[in-house]
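Following: one structure in structure tokens, then a few remarks.
The values are calculated or read from the model by the stated rules, or taken from the named source; none is laboratory data. These figures come from a predicted structure and were not determined experimentally. Here the Cβ is made from the backbone with ideal geometry for all residues, glycine too, and neighbour counts use every protein chain on show.
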């Protein structure tokens with residue numbers, strides 16, 4: 001394992017974050033704070049409890065997950081796409097660095113940034129809505145696991161993308177709608193039976209449900225199912241990355 005290469009890639013990506021801290025950190029935190037103001041304080045105060053939890057507190061895990069998914073994908077996809085766009089990726093591919101070390105550097109940095117963002121949003125939420133965390137270890141576990149999984153997914157998108165527009169297609173057209181329809185702002189138990197069954201095909205449901213359980217002990221699906229679903233998607237992403245580097249898909253042309 002070439003730890004020097006991993007460290008160099010990781011430090012480069014982290015330095016890029018702190019050079020653009022307004023865009024990378026401040027902007028997502030501010031945007032999510034507006035959700036807390038509107039849905040948590042203004043609208044939430046006029047709505048009833050959900051599962052014994054106030055509406056403002058109920059949506060906190062969903063809002064954190066919404067930011068976490070988007071930022072994980074964005075950070076990782078942009079990080080690996082820029083070397084492709086600039087042509088410097090060929091220097092990386094010809095260096096004595098394995099694809100495992102490349103993935104560790106880029107995905108590790110993207111996941112670190114996403115976890116930092118998630119923690120900042122969690123701290124910011126305290127100023128607007130009171131909440132509790134019943135299972136802090138599970139909460140941190142879901143936070144890190146989701147950040148790693150979707151940073152790896154974003155890494156795949158960055159390898160696949162041919163231009164800057166493609167970097168935004170899947171986050172905007174797929175991930176964000178699935179998050180809004182995945183119980184970020186409501187419990188799927190509030191839906192008619194038919195739509196409850198349909199919603200279970202949405203993978204984001206399992207992420208939000210497991211994360212919400214770590215806060216309040218309530219969930220739309222079993223917490224073990226949520227954890228296994230996330231691990232399964234992580235495994236699929238790992239296989240996809242291995243195949244891309246093995247075949248040179250979108251790398252050698």
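Couple of notes before you dig in:
- Which listed residue, of 210, 182, is farther than 30 Å from residue 90 by Cβ and at pLDDT 90 or above: 210
- Residue tally, condition closer than 15 Å to residue 12 by Cα and touching a residue at least 24 places away in the same chain (Cβ under 8 Å), over segment 80-97: 3
- Residue count for segment 221-253, restricted to those that are in contact with a helix residue (DSSP H, G or I) (Cβ under 8 Å, 6 or more places away or on another chain) and under 18 Å from residue 145 (Cβ atoms): 14
- Options 179, 199: the member that is within 23 Å of residue 228 (Cβ to Cβ) and surrounded by 21 or more Cβ atoms within 10 Å (Cβ to Cβ): 179
- Residue 55 vs. criteria buried (at least 19 other Cβ atoms within 10 Å of the Cβ), over 18 Å from residue 140 (Cα atoms) and modelled with pLDDT of 80 or more: yes
- Each residue in segment 130-144 was checked for being surrounded by fewer than 20 Cβ atoms within 10 Å (Cβ to Cβ) and part of a helix (DSSP H, G or I), and 6 of them qualify.
- Among the residues of segment 75-92, not one is under 19 Å from residue 3 (Cα atoms), exposed (fewer than 15 other Cβ atoms within 10 Å of the Cβ) and under 27 Å from the mean Cα position of the chain (by Cα).
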